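The values are calculated or read from the model by the stated rules, or taken from the named source; none is laboratory data. All values reported here derive from a predicted model rather than from experimental measurement. Neighbour counts run over all protein chains shown; Cβ positions are idealised from the backbone, glycine included.
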Amino acid sequence: MVENWRQACLRSLPAVDVAVNLYKRAYPESSYPHALLVQAVQEIVDVLRRQILAAGSNEELSGLSLTPEEVALRLGSWLEQLELPSLRRVINATGTVLHTNLGRAPLAAAAEAAMQAAAGYCNLELELQEGLRGSRHHHVEKLLMSLSGAEAACVVNNNAAAVLLCLNTLAAGKKVIVSRGELVEIGGSFRIPEVMSAGGASLKEVGTTNKTHLSDYRAAIDTETGLLLKVHTSNFKVVGFTSSVDVAALVLLGLEFGVPVMEDLGSGLLLDLSEFGLEPEPLVRERVADGVDLLTLSGDKLLGGPQAGIILGKRVFVERLKQNQLMRALRPDKVTLAALEATLRIYLAGQPLREIPTLAMLSMPAEILKRRADNLAAELRRRGQSFLIVNTCEDFSFVGGGSMPLAKLPTTMVVLRPRHGSFSDWVQKLRTGQPALVGRVQGDRLLLDLRTVAEAEEEEVIRCLT
């Protein structure tokens with residue numbers, strides 16, 4: 001009996017060409033190619049077929065229409081979704097500044113303008129003065145050298161690529177010595193040992209998870225050693241009974257044995273932010289001054305720029321990186337370089353704490369956040385009294401992006417609940433709106449942290465909610 005109604009439903013599915021022709025008659029001005037319409041209807045019919053096969057009873061399909069008209073209607077919705085861009089603007093009210101799922105560091109206005117200027121033809125690899133071919137590294141190398149004190153610099157598309165390029169250039173076919181307590185895993189299950197293997201190097205672990213001494217490195221060095229690697233554990237902390245070797249001591253050991261020393265700094269910080277209540281983080285200029293041969297860091301984390309892997313260090317090693325055949329596969333494009341250049345110029349001659357959104361958010365005083373939250377809550381109560389329950393509470397913001405894992409920045413949250421209807425449906429509606437509004441969900445409450453919301457976005461937040 002069950003199979004009878006299932007087969008009847010399957011036989012009721014309309015032919016693809018019938019639904020396509022119905023849509024064309026309803027929308028004669030449509031310019032979509034016939035092949036796309038056929039593909040869309042095939043997908044729609046396939047979804048309906050799977051629904052029928054998965055149903056356990058006829059009642060489960062009682063509201064399902066299988067007419068050609070219904071499929072043509074679904075085709076219109078399918079095409080509407082096709083026109084919507086996949087990457088959309090999101091108002092980040094989570095309080096996590098470097099939110100990986102939301103694109104990490106928001107760019108400075110100057111960086112956005114620079115990307116727009118570079119969108120067309122630009123002098124990416126052309127020396128305009130001489131009319132000769134140039135290098136794309138030229139646009140940011142001098143800026144990076146000035147800000148870090150390094151002899152040379154180059155840029156690839158992210159920090160994992162930077163580590164891969166360095167390992168492949170300096171240690172392919174050789175051993176890389178690294179402390180067991182620094183074998184980190186970053187987002188997406190990418191691990192230092194795997195990156196090392198992909199670079200053609202072999203791993204030599206020394207020390208223990210919580211303690212590694214200089215003597216451990218010394219004992220491991222042999223004729224097969226290609227590199228001493230230090231990895232800053234920017235996304236976790238080992239506390240308690242611990243010991244590690246600082247970069248300066250590792251550099252002296254490398255000089256003694258003629259082995260280069262590299263540090264993967266991870267997030268990378270150009271300014272000291274400890275005065276704003278953030279945990280101390282190694283500064284790029286300090287690491288370069290310690291004499292490390294190569295230093296890698298991210299562009300889209302604490303630097304506050306676009307996704308990029310920045311490599312700083314001794315000229316002899318950086319030049320070898322530039323000549324590696326992998327560089328062409330890992331190099332950044334023109335809009336990334338434009339955004340990075342603009343961001344670096346803010347550090348050099350601008351006001352980074354004000355002009356770079358990441359730094360402005362991290363340094364925002366708690367009293368300002370409280371005032372903004374109180375004002376927003378009052379306005380939401382006034383406009384949404386009949387359908388919103390609005391409160392505030394003290395809480396903490398987070399750095400995010402695998403940076404400063406112990407940092408908790410005091411903030412004031414706006415706490416919201418709908419008076420009627422499903423909480424999850426309400427949150428989904430906010431998340432799929434134009435613009436999307438994403439906050440922090442705790443039970444049946446939506447918490448909005450204005451640390452990661454620009455003041456210019458507050459009116460949009462109100463419109464989304466009311």
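Here is a yes/no grid of residues against (1) at positive phi; (2) part of a helix (DSSP H, G or I); (3) modelled with pLDDT of 90 or more; (4) touching a helix residue (DSSP H, G or I) at 6+ places or on another chain (Cβ under 7 Å):
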site: MET145; (1), (2), (3), (4): no, yes, yes, no
site: ALA162; (1), (2), (3), (4): no, yes, yes, no
site: LEU167; (1), (2), (3), (4): no, yes, yes, yes
site: VAL176; (1), (2), (3), (4): no, no, yes, yes
site: SER197; (1), (2), (3), (4): no, yes, no, no
site: LYS204; (1), (2), (3), (4): no, no, yes, yes
site: SER215; (1), (2), (3), (4): no, yes, yes, no
site: VAL238; (1), (2), (3), (4): no, no, no, yes
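When each of LEU312, LEU303, LEU255 is tested for being in the same structural domain as MET196 (by TED's automatic domain parsing) and either surrounded by fewer than 24 Cβ atoms within 10 Å (Cβ to Cβ) or in contact with a Phe, Trp or Tyr (Cβ under 7 Å, 6 or more places away or on another chain) (or both), the lone residue that passes is LEU255. Can you find even one residue in segment 446-463 that is in a loop (DSSP other than H, G, I, E, B) and over 21 Å from the mean Cα position of the chain (by Cα)? No, the conditions are met nowhere in segment 446-463.
Looking at ALA152, ALA119 in this structure, which one is outside the structural domain of PRO410 (by TED's automatic domain parsing), surrounded by fewer than 14 Cβ atoms within 10 Å (Cβ to Cβ) and either modelled with pLDDT of 95 or more or aliphatic (A, V, I, L, M) (or both)?
Matching residue, one of ALA152, ALA119: ALA119.
Between TYR23, TYR32, the distinction of being more than 29 Å from TYR347 (Cα to Cα), surrounded by 19 or more Cβ atoms within 10 Å (Cβ to Cβ) and at pLDDT 90 or above belongs to TYR23 only. Looking across segment 441-466 at every residue that is in contact (Cβ under 8 Å) with a residue 60 or more places away in the chain, among the acidic types (Asp, Glu) and under 19 Å from ARG383 (Cα atoms), the one that is surrounded by the fewest Cβ atoms within 10 Å (Cβ to Cβ) is identified as GLU455. A single member of GLY76, GLY95 is on the phi > 0 side of the Ramachandran plot and in contact (Cβ under 8 Å) with a residue 40 or more places away in the chain, and it is GLY95. The criterion of at least 1 residues that are within 21 Å of the chain's Cα centre (by Cα), among the acidic types (Asp, Glu) and over 30 Å from LEU228 (Cα atoms) is met by the following helices (runs of 4 or more DSSP H) wholly inside segment 280-357: 334-349, 352-355.
Name the single residue that is farthest from LEU270 (Cα to Cα) among those in segment 283-322 being among the acidic types (Asp, Glu) and free of Cβ contacts under 8 Å to residues at least 60 places away in the same chain.
Of the residues in segment 283-322, the ones among the acidic types (Asp, Glu) are 286, 290, 293, 300, 319.
Adding the requirement that they be free of Cβ contacts under 8 Å to residues at least 60 places away in the same chain leaves 286, 290, 293.
On the way: GLU286: 9, ASP290: 15, ASP293: 18 Å.
Of everything passing the filter in segment 283-322, ASP293 is farthest from LEU270 (Cα to Cα).
What number of residues within segment 347-364 satisfy the criterion of being under 24 Å from GLY95 (Cβ atoms) and either touching a residue at least 40 places away in the same chain (Cβ under 8 Å) or of a type in the set (Asp, Glu) (or both)? Residues flagged as under 24 Å from GLY95 (Cβ atoms) and either touching a residue at least 40 places away in the same chain (Cβ under 8 Å) or of a type in the set (Asp, Glu) (or both) within segment 347-364 amount to 11.
Residues in segment 414-440 that are of a type in the set (A, V, I, L, M, F, W, C) and within 13 Å of ASN92 (Cα to Cα) were compared, and the one that is surrounded by the most Cβ atoms within 10 Å (Cβ to Cβ) is LEU437.
Are any residues in segment 117-144 free of Cβ contacts under 8 Å to residues at least 12 places away in the same chain and of a type in the set (A, V, I, L, M), and if so, which ones? Passing the criteria: LEU126, LEU128, LEU132.
With respect to the conditions (1) within 18 Å of ALA114 (Cβ to Cβ); (2) assigned by TED's automatic domain parsing to the domain that holds HIS138; (3) aliphatic (A, V, I, L, M); (4) surrounded by 20 or more Cβ atoms within 10 Å (Cβ to Cβ), ILE356 falls short on a single one, namely (2). For segment 380-404, taking the residues that are assigned to a loop (DSSP other than H, G, I, E, B) and touching a residue at least 12 places away in the same chain (Cβ under 8 Å), the one that is farthest from PHE276 (Cα to Cα) is identified as SER386.
Table: residues versus (1) in the same structural domain as GLY299 (by TED's automatic domain parsing); (2) in a helix (DSSP H, G or I); (3) over 21 Å from the mean Cα position of the chain (by Cα); (4) surrounded by fewer than 18 Cβ atoms within 10 Å (Cβ to Cβ).
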| residue | (1), (2), (3), (4) |
| --- | --- |
| HIS139 | yes, yes, yes, no |
| LEU170 | yes, yes, yes, no |
| GLU194 | yes, yes, no, yes |
| ASP222 | yes, no, yes, yes |
| LEU229 | yes, no, yes, no |
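Here segment 385-413 is the region considered, the condition is being more than 16 Å from GLY95 (Cβ to Cβ) and in contact with a Pro (Cβ under 9 Å, 6 or more places away or on another chain), and the residue that is surrounded by the most Cβ atoms within 10 Å (Cβ to Cβ) is LEU388. Residues of segment 178-191 that are in a helix (DSSP H, G or I) and at pLDDT below 85: GLY181, GLU182, GLY187, GLY188, SER189.
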